[in-house]
1. Report, ordered by the first and then the second residue, all pairs with beta carbons closer than 7 Å, sequence separation of six or more or different chains, a first member in segment 241-254 that is more than 17 Å from Leu205 (Cβ to Cβ), and a second member that is aliphatic (A, V, I, L, M) and surrounded by fewer than 18 Cβ atoms within 10 Å (Cβ to Cβ).
2. Is it the case, given these coordinates, that Glu262 is more than 15 Å from the chain's Cα centre (by Cα), modelled with pLDDT of 95 or more and on the phi < 0 side of the Ramachandran plot?
3. Among the residues of segment 62-72, which ones are farther than 18 Å from Gly185 by Cβ and surrounded by 17 or more Cβ atoms within 10 Å (Cβ to Cβ)?
4. Select from segment 243-259 the residues that are of a type outside the set (S, T, N, Q) and assigned to a loop (DSSP other than H, G, I, E, B) and write down the one among them that is modelled with the highest pLDDT.
5. What do you reckon, is Asn264 out of contact with any Leu (no Cβ under 9 Å at 6 or more places or on another chain), farther than 27 Å from Glu105 by Cβ and part of a loop (DSSP other than H, G, I, E, B)?
6. Give me the strands (runs of 3 or more DSSP E) completely within segment 116-186, filtered to those with at least 3 residues that are of a type outside the set (Val, Ile, Thr), ordered by residue number.
7. Can you name every residue in segment 73-93 that is surrounded by fewer than 18 Cβ atoms within 10 Å (Cβ to Cβ), under 20 Å from the mean Cα position of the chain (by Cα) and assigned to a helix (DSSP H, G or I)?
8. Applying the selection to segment 167-199, what residues are under 22 Å from Thr137 (Cα atoms), in contact with a Leu (Cβ under 8 Å, 6 or more places away or on another chain) and of a type in the set (Lys, Arg)?
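The values are calculated or read from the model by the stated rules, or taken from the named source; none is laboratory data. Remember, it's a predicted structure, so these values are computed and weren't measured experimentally. FYI the Cβ positions are ideal-geometry reconstructions off the backbone, even for glycines, and counts take in every protein chain you see.
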Amino acid sequence: MLLQNSKQMFGKVQRAPYIIEGLLFMKILSFMMLLMLFSCGHSKNDLRLNYKDLEQGITNQDYIDHLKHLKKSLEANKELKLIPLSSNGQKYLNSIIRKIISKNELLFDSQEEVNVVVIDYKKPICFSLPGGSIYITNYLLSEFLKSEDVLIAVLTLQAIKSFKKIYPKKMLVPIGAISPEKLLGHLKLPLDVTNQLNKWAYIILKRSGYDATAVLSWIQLRNKNPAEFFLLDGNELIAQKEEFEFKKFLADQGQGFSHNIEKNSSYSYYRLISEISRKR
């Protein structure tokens with residue numbers, strides 16, 4: 001399992017069936033971590049196919065192709081409304097991911113397509129599928145993401161999953177259209193993997209010139225609103241454990257825990273939030 005190659009950077013990782021692409025990705029991140037430490041003076045009623053006898057002939061690419069196909073099942077859901085954005089709004093969201101990619105060219109394929117989709121859904125959720133498809137609800141955008149930095153952190157976490165294909169190694173055969181709830185349950189990752197994603201996002205955001213402590217603000221936002229974020233976390237203790245682990249990580253970097261959520265965001269961010277609010 002490729003996760004074990006990052007053991008020295010993030011500690012012992014339990015063996016589990018995940019698609020984690022890119023051994024080089026983790027080696028490069030490990031090298032970046034060493035540089036950062038040095039500079040700071042710090043030394044799957046659906047059928048689930050996951051039986052062992054069925055898995056033997058299924059490759060990682062088969063799982064990825066399966067996940068990409070679930071996009072059609074999701075968008076075929078008549079109860080799910082995709083919100084068409086203005087050209088400026090769409091360009092703004094996609095540009096965030098583009099900047100992340102351009103500032104971390106050793107980690108990401110610059111030719112990857114990017115498509116951030118806003119869906120009309122009364123739950124604060126976000127998720128991704130392989131191939132640069134990132135979904136975020138209007139409810140999360142307009143009611144919870146009050147800081148551009150936190151929005152960028154959320155999109156970065158989903159971009160890492162999408163481009164590096166960090167998903168459970170299991171299959172879900174939908175009977176007709178699939179709901180966001182069902183898809184979220186299928187995509188849910190265990191806590192140890194999520195903790196690593198948070199650390200990777202911190203490194204990538206810092207390299208991109210963004211406020212990397214916004215990752216902590218995203219975790220704390222979920223921790224303070226467990227009922228609202230139940231679909232994402234499934235357990236109110238998840239965000240608490242995430243926060244504890246991430247704070248330990250920040251302390252190891254000599255980084256404080258404060259993020260100035262009140263600081264001014266860009267005009268493009270406020271224009272997007274205004275557009276989303278009008279279309280609710």
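1. Hits for this filter: Lys241/Leu191.
2. On the way: more than 15 Å from the chain's Cα centre (by Cα): yes; modelled with pLDDT of 95 or more: no; on the phi < 0 side of the Ramachandran plot: yes.
Considered against the rule, which asks whether it is more than 15 Å from the chain's Cα centre (by Cα), modelled with pLDDT of 95 or more and on the phi < 0 side of the Ramachandran plot, Glu262 comes out as no.
3. Matches in segment 62-72: Ile64 only.
4. In the first step, residues of segment 243-259 are kept if they are of a type outside the set (S, T, N, Q); the result is 243-252, 254, 256-257, 259.
With the extra rule that they be assigned to a loop (DSSP other than H, G, I, E, B), the set shrinks to 254, 256-257, 259.
Working: Gly254: 85, Gly256: 73, Phe257: 67, His259: 61.
The selected residue is Gly254.
5. Judged against the criteria, Asn264 is a match.
6. It comes to 126-129.
7. Within segment 73-93, Glu75, Gln90, Lys91 meet the criteria.
8. Lys182
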